[in-house]
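Colleague: One structure, pasted below without further comment.
Nothing in this text is a laboratory measurement; each read-out follows from the coordinates by a stated rule. Because the structure is a prediction, the values reported are computed rather than measured. Positions of Cβ are generated from backbone atoms using ideal geometry, with glycine treated the same way; all protein chains shown enter the neighbour counts.
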């Protein structure tokens with residue numbers, strides 16, 4: 001069964017480096033969503049590196065796939081974000097703000113998160129690959 005995944009920065013980087021598990025998940029995914037925060041983090045990283053133009057060109061090619069879309073927040077996302085933020089703070093397990101946006105979008109759109117970041121394990125209702 002093909003997954004609908006949302007990709008995090010570290011797994012996009014793994015995919016670009018040819019890491020086998022990242023290649024397998026992304027090549028078989030029915031849909032790949034790129035949260036706006038991930039796109040911003042990738043581009044910020046590109047600008048810090050020596051291969052900014054090549055990395056940006058590769059990203060543009062990736063984004064042009066008909067299976068890939070960029071996720072942006074809307075009013076519903078704000079409510080999911082606020083709920084998660086409150087729940088994680090009350091539990092004493094807050095996560096970085098950018099990752100909270102990613103989690104909110106993944107939950108809102110009923111996706112599976114493809115990330116190596118273990119702090120996402122703290123987020124209730126968040127499906128992971």
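Colleague: Which numbered condition trips up residue 95, out of (1) closer than 17 Å to residue 10 by Cβ; (2) within 13 Å of the chain's Cα centre (by Cα); (3) outside any strand (DSSP E or B); (4) touching a residue at least 24 places away in the same chain (Cβ under 8 Å)?
Modeller: Among (1) closer than 17 Å to residue 10 by Cβ; (2) within 13 Å of the chain's Cα centre (by Cα); (3) outside any strand (DSSP E or B); (4) touching a residue at least 24 places away in the same chain (Cβ under 8 Å), residue 95 violates only (2).
Colleague: Give the range 98-115 a look and list any residue that's surrounded by fewer than 17 Cβ atoms within 10 Å (Cβ to Cβ) and part of a loop (DSSP other than H, G, I, E, B), or say none.
Modeller: 110
Colleague: Sticking with this structure for a sec: Please specify each residue of the range 67-93 satisfying the condition of being touching a helix residue (DSSP H, G or I) at 6+ places or on another chain (Cβ under 8 Å), farther than 19 Å from residue 109 by Cα and surrounded by fewer than 15 Cβ atoms within 10 Å (Cβ to Cβ).
Modeller: Matches in the range 67-93: 91, 93.
Colleague: Inside the range 45-66, can you point out the residues that are under 21 Å from residue 105 (Cα atoms), out of contact with any strand residue (DSSP E or B) (no Cβ under 8 Å at 6 or more places or on another chain) and surrounded by 11 or more Cβ atoms within 10 Å (Cβ to Cβ)?
Modeller: Of the range 45-66, the ones under 21 Å from residue 105 (Cα atoms) are 59, 62-66.
Still in the running and out of contact with any strand residue (DSSP E or B) (no Cβ under 8 Å at 6 or more places or on another chain): 59, 64, 66.
The answer is 59, and nothing else.
Colleague: If I filter the range 116-124 for residues that are assigned to a helix (DSSP H, G or I) and under 19 Å from residue 4 (Cα atoms), do I get at least one hit?
Modeller: Yes: the range 116-124 contains one or more residues that are assigned to a helix (DSSP H, G or I) and under 19 Å from residue 4 (Cα atoms).
Colleague: Consider the range 14-55. How many of its residues are out of contact with any helix residue (DSSP H, G or I) (no Cβ under 8 Å at 6 or more places or on another chain), over 27 Å from residue 97 (Cα atoms) and part of a helix (DSSP H, G or I)?
Modeller: Residues in the range 14-55 being out of contact with any helix residue (DSSP H, G or I) (no Cβ under 8 Å at 6 or more places or on another chain), over 27 Å from residue 97 (Cα atoms) and part of a helix (DSSP H, G or I): 6 in total.
Colleague: When you go through (1) part of a helix (DSSP H, G or I); (2) under 18 Å from residue 31 (Cα atoms); (3) under 14 Å from the mean Cα position of the chain (by Cα) one by one for residue 70, which number turns out not to apply?
Modeller: (1)
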